[in-house]
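A.B. asks: Could you have a look at this structure, given as structure tokens, before my questions?
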Protein chains: 2
Amino acid sequence: MSDDREPKGMNRRRLLGTTAAAGAAGAAAAGTVTHLVGTAEAQDRRREERDDRSRPQRRPERQSNEVHPGELDEYYVFFSSGQSGEVRIYGMPSMRELIRVPVFNRDSATGWGQTNESLKVLTEGLTPETKTHLAKLGKVTFDSGDLHHPHLSFTDGTYDGRYLFANDKLNTRVCRIRLDVMRCDKIIQLPNQFTVHGLRVQKYPRTGYVFCNGEDRVPVPNDGRDLDRPDAYRSIFTAVNGDTMQVAWQIVVDGNLDNTDADYQGKYAFSTCYNSEGGVTLAEMMSAEQDWVVIFNLQRIEEAVRQRNYREIGGVPVLDGTRGSPLTRYVPVPNSPHGINTAPDGIHVVANGKLSPTVTVFDVRRFDDLFDDRIQPRDVVVAEPELGLGPLHTAFDGKGNAFTTLFIDSQVVKWNIETAKRAFRGERANPIIQKLDVHYQPGHNHSSMGQTKEADGRWLLSLNKFSKDRFLNVGPLKPENDQLIDISGDRMVLVHDGPSYAEPHDATIVHRSKINPVHRWTRDDPFFADAVKQAQADGVNLMEDSKVVRDGGKVRVYMTSMAPQYGLEKFNVRQGDEVTVYVTNVDDVEDLTHGFAISNYGISMEVPPQATSSVTFRAERPGVYWYYCTWFCHAMHMEMKGRMLVEPQNA
Amino acid sequence: MSDDREPKGMNRRRLLGTTAAAGAAGAAAAGTVTHLVGTAEAQDRRREERDDRSRPQRRPERQSNEVHPGELDEYYVFFSSGQSGEVRIYGMPSMRELIRVPVFNRDSATGWGQTNESLKVLTEGLTPETKTHLAKLGKVTFDSGDLHHPHLSFTDGTYDGRYLFANDKLNTRVCRIRLDVMRCDKIIQLPNQFTVHGLRVQKYPRTGYVFCNGEDRVPVPNDGRDLDRPDAYRSIFTAVNGDTMQVAWQIVVDGNLDNTDADYQGKYAFSTCYNSEGGVTLAEMMSAEQDWVVIFNLQRIEEAVRQRNYREIGGVPVLDGTRGSPLTRYVPVPNSPHGINTAPDGIHVVANGKLSPTVTVFDVRRFDDLFDDRIQPRDVVVAEPELGLGPLHTAFDGKGNAFTTLFIDSQVVKWNIETAKRAFRGERANPIIQKLDVHYQPGHNHSSMGQTKEADGRWLLSLNKFSKDRFLNVGPLKPENDQLIDISGDRMVLVHDGPSYAEPHDATIVHRSKINPVHRWTRDDPFFADAVKQAQADGVNLMEDSKVVRDGGKVRVYMTSMAPQYGLEKFNVRQGDEVTVYVTNVDDVEDLTHGFAISNYGISMEVPPQATSSVTFRAERPGVYWYYCTWFCHAMHMEMKGRMLVEPQNA
């Protein structure tokens, strides 16, 4: 095939593949993973074996991903945003971003990180050590985060529409988002553990536990001791109670944990480990040919907690799950495994080899025997097919097929689980059904409802790193590329390239029938209960009254907001006052959000229908400061404003 | 037509229209704008006159807006984001968001608002009064903004690909974004003026001036004097020099300015005024039947500056442009006009009536005579067609037609300028060609290249407030709806609903041939020149050296970043040190962005290819803190990490 005939993106993808591969090869030279990359000739041969070039297809035989004006998408997609720190909700198959949910980031539009209501969420779950640390810096919370893995609460093996949970790799936090209002209501920082990477939830009987992998190893407690003694470092796996958002228990393990998942029986959780070596340099981390998957026995752990077989550190029970513990089992797998994914059949679990071209398939029905020492660790393995270079994550169609991302090959490979098991048993069988090029380096992938027992086998998302020349050039910083693939037929068909801002690591695809958000807040919502309580103490009915209450050097300004007017046309404060403004949106109209902003004071917040929002600041600058509505609400929206008159201190 | 036969969105839109109209009517009762809304019967009649119901059309005869995998969009769209404070770049016609450019907001992904390079941009242009104010609060800059009007620099009447300028309504700032790297390089806060709303640029001979409407009236200076004496309040119009990002001059005017535009001759700028009354309450602001457009004579203003006919306030020249000044003219127009738009013909300017069902068309060729007092102000008006309820903004196709948003009618109306002029001269002629329903309340609209002399008449965007039931329900806070309309044929055809997060007020549609960003930064870029200078002083070659320089209680950590390793595997600091980390991305590969984050320290920043980024913090917490790469860079990206070892103070 000449270059002229190739789709435009191909040359660059090849370049990138070579670069990444060469880099890995260079790194590998320090270790022993020479089978990872192979020679350039071998790579070329592999490319020629590809049976699909994903040339733009004008009218392939496929499901339509068009959603016409006025029509609704069939699926919600809950995307992480990595270092952007938020959650994004998309519609699928149109792949349109519907809303952002601020979590670990600051959000100028909603005042997330500025309103008292959001600050409560952002601060109350921090560890005492972090609170002390931030206070020394004159701060109350972090301004950034790294949100990787968004997973919805389950009941009986499928989504129940209550919550979404996600981790912050940057500052070791776990958040919960209420799916009725699509707002984060709880954030907890995990003690002892250093960073959270993999996060999944209990699928049965319900969530239940939120499982949180500690990725990096540090001294416990990490207070300055054992600074450069890596042998004294520990990594920790945490189970959070999803109902209370408190730590249920922690367990010390060996190696850096990567991703995690759970079974459909409510008995086990399991995590991949990519640094069984306990190394602190790249060469050390890559030195072993095998790492492992750690299996956690939930019943035994709960029993140990009941028996108080733990140390209490940082206010939570910490158990010992290192090698040899009855609470865990370590199953060797090649090499630095990354993703781990439970199939909708409730039986198979796939660990993805990353530095090995294989994935390892476990049968969870054998885990009881493993814990009872009736079989050896590797006896739980029922297949280990070689799929291609850099297997990272696997999705499922609910029909016995699996879809694995190959990040070095820049492909998604469709393969059959039963065929792979036959091959593992020694039969002559090739489990690989099709390889599809993606653009360019795929990380997570996701099938519609594929992380539940209700996988429907219709759509697959491949979340690719690097977009290179797939979109208009927007300068040095380019979007990632989330590609939509039709998997409803025998063969995968690429149907849509979706640019996305830094950096969807993960997503959950949920049929719209599972999600039922409200249109308005209710007045007894706990989210703004503090404001309601303060108003009651001040004799203020938030839905009706607009008044200013002076309380020494503190001033509480209460005002209603009804399009296109605030309850107060102006209010006076004195320079130096600590001012809290409570705005209550009394409009009982769907989609009628108000805002409240004070110009040149940097104050800006959202006030949703039937909710109260509040913000506290010191009025340090005298003069006339107009406040105005920031969320379009009415024909006379621009005229919806008033004046804060700050009287000079020495006047 | 029965409800059953109506498209699903219609009932709600009617409800909303009624709500908004009723609200406006209520407000109007306090004033005299009874012609604004009319009776419910009149509204129904108008609805029946609509000639298009925008029912979802499966296969209308239209341009395709599909952009298949691997294909590129034809246009860039630069969107404002209102209270989100950023700029967004989309591809059109696919309407996919390609990238976010942080400006007035904080951005967790890039470290905007945390890196030294971004803090320099965010702080150095603030007024001395704001710097003092923020210092009292323990801050150096604002964390939020309200970015409304993004406009690209011109040369000779069309885009020259150099810069984008935009305003911050929240904190009275103007930003400049470099289109080579798509990054904000300058922010200036305007002195004296209170808020910036309308912003446009000089089109000829080049930009040149950036024109900034002061919206709200306050005392000048606003330091506590005349707190509740609205008659002493003033509003100000500012011209910023787009090359230096310094204020060229300011001019005091009467009334609240709203939007602004300029001619294609380089002689005039003109702004709408929606509060000629100088009122401070809603009733006062709406009391007059007419407001005005203010025309600014640039040559006379420049001459007055040369003659020093100004007062210097806040370090800048402030001229008098109130009624009667030779520098301005006030042209009465009905009623609270909002948008003002210059047609690509270089002759016609359209002011949109908002509270009047009319738009007012000016002929700029008559402005010379107006300033020479040879004609009366209203003699510059050449048409004033009645188009519908709530005309806000007008776009053009370059073929003599105009497209005006009707925010109460929830429609876009296509009309012909020459026909409107004939009707104005008394001929029997109906300029209205078609009305198209949009969903739901349209604000700005934009045609492809329509704000230049190269308008191509292919696409129209209608930026609608409220999306209600047009998308999957995502809770109380819903997206806006940016709709794409094909205007290449005789009739407008709605082709795409685009949900968008709070809240695109404005956009600029630019053919891709006009924009040529780079893929990598160059080492002599001024954006990180401070880092380069400091490194030189420390004898460090940023592209090669990784080392730690201690300077009393300050520690400067220099490290390279080359996938998948940092130049330093670890570094030591002491508790209490002021630490600056400089990371230089030495990878010379397109799209290979690195990140640098320190876990549990809240530090996170982007390091683009061939650039240096730096961040400064106090190491107040002892222990082992892993730093890691946040932007996917390589097969071994997860292993790209190192340790900051913070030695305890009392150790």
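A.B. asks: Looking at region B:583-597, which of its residues are β-branched (Val, Ile, Thr), surrounded by 24 or more Cβ atoms within 10 Å (Cβ to Cβ) and closer than 17 Å to B:Val557 by Cα?
C.D. replies: Listed by number, the residues that qualify are B:Val583, B:Thr584.
A.B. asks: Name the residue that is nearest to the other protein chains (Cβ to nearest Cβ), counting only residues in region A:510-526 that are surrounded by 15 or more Cβ atoms within 10 Å (Cβ to Cβ) and closer than 22 Å to A:His151 by Cα.
C.D. replies: Restricting to residues being surrounded by 15 or more Cβ atoms within 10 Å (Cβ to Cβ) and closer than 22 Å to A:His151 by Cα, the top hit is A:Pro517.
A.B. asks: Being outside any strand (DSSP E or B), farther than 25 Å from A:Gly279 by Cα and of a type outside the set (S, T, N, Q), is that true of even one residue in region A:195-203?
C.D. replies: Among the residues of region A:195-203, at least one is outside any strand (DSSP E or B), farther than 25 Å from A:Gly279 by Cα and of a type outside the set (S, T, N, Q), which makes the answer yes.
A.B. asks: For region A:339-379, which residues satisfy the criterion of being within 14 Å of another protein chain (Cβ to nearest Cβ) and buried (at least 24 other Cβ atoms within 10 Å of the Cβ)?
C.D. replies: A:Gly339, A:Asn352, A:Gly353, A:Lys354, A:Leu355, A:Ser356 - these are the residues of region A:339-379 that are within 14 Å of another protein chain (Cβ to nearest Cβ) and buried (at least 24 other Cβ atoms within 10 Å of the Cβ).
A.B. asks: Still on this model: Residue by residue through region A:217-251, note down the ones that are of a type in the set (Ser, Thr, Tyr) and within 9 Å of chain B (Cβ to nearest Cβ).
C.D. replies: A:Tyr233
A.B. asks: Quickly run through region A:126-159 and pick out the residues that are part of a loop (DSSP other than H, G, I, E, B), touching a residue at least 40 places away in the same chain (Cβ under 8 Å) and surrounded by fewer than 20 Cβ atoms within 10 Å (Cβ to Cβ).
C.D. replies: Across region A:126-159, the qualifying residues are A:Thr127, A:Asp156, A:Gly157.
A.B. asks: Does B:Val210 satisfy the criteria of being open to solvent by less than 10 Å² (accessible area, probe 1.4 Å), touching a residue at least 24 places away in the same chain (Cβ under 8 Å), more than 14 Å from every other protein chain (Cβ to nearest Cβ) and within 21 Å of B:Lys186 (Cβ to Cβ)?
C.D. replies: For B:Val210, the condition - open to solvent by less than 10 Å² (accessible area, probe 1.4 Å), touching a residue at least 24 places away in the same chain (Cβ under 8 Å), more than 14 Å from every other protein chain (Cβ to nearest Cβ) and within 21 Å of B:Lys186 (Cβ to Cβ) - is met.
A.B. asks: Looking at (1) open to solvent by 10 Å² or more (accessible area, probe 1.4 Å); (2) in contact with a Pro (Cβ under 8 Å, 6 or more places away or on another chain); (3) closer than 23 Å to A:Leu355 by Cβ, find the lone condition where B:Ala563 falls short.
C.D. replies: Result: B:Ala563 passes all but (2).
A.B. asks: Separate question: With respect to A:Arg62, is the statement that it is within 23 Å of A:His446 (Cα to Cα) and more than 7 Å from chain B (Cβ to nearest Cβ) true?
C.D. replies: yes
A.B. asks: Then there's this: Where in region A:262-350 are the strands (runs of 3 or more DSSP E), entirely inside, with at least 3 residues that are more than 25 Å from the chain's Cα centre (by Cα)?
C.D. replies: Where strands (runs of 3 or more DSSP E) fall fully within region A:262-350 and carry at least 3 residues being more than 25 Å from the chain's Cα centre (by Cα), they are A:311-313, A:316-320, A:328-334.
A.B. asks: Within region A:465-503, count every residue that is more than 7 Å from chain B (Cβ to nearest Cβ), open to solvent by 10 Å² or more (accessible area, probe 1.4 Å) and polar (S, T, N, Q).
C.D. replies: Adding up the residues that qualify gives 1.
A.B. asks: Go through the residues of region A:170-193 one by one and say whether even a single one is surrounded by fewer than 24 Cβ atoms within 10 Å (Cβ to Cβ), over 17 Å from the mean Cα position of the chain (by Cα) and part of a helix (DSSP H, G or I).
C.D. replies: So far as region A:170-193 goes, no, none of its residues is surrounded by fewer than 24 Cβ atoms within 10 Å (Cβ to Cβ), over 17 Å from the mean Cα position of the chain (by Cα) and part of a helix (DSSP H, G or I).
A.B. asks: Now for a different question. Out of all the residues in region A:51-73, is one or more hydrophobic (A, V, I, L, M, F, W, C), touching a helix residue (DSSP H, G or I) at 6+ places or on another chain (Cβ under 8 Å) and at pLDDT below 90?
C.D. replies: no
The values are calculated or read from the model by the stated rules, or taken from the named source; none is laboratory data. In this text, all values refer to a predicted model and were calculated from it rather than measured experimentally. A quick note on method: Cβ atoms are made from the backbone with ideal geometry, for glycine too, and the neighbour counts reach across all protein chains shown. All accessible areas refer to the heavy atoms of the entire protein, side chains included, with ligands and DNA or RNA removed. Shrake-Rupley method; radii C 1.70, N 1.55, O 1.52, S 1.80 Å.
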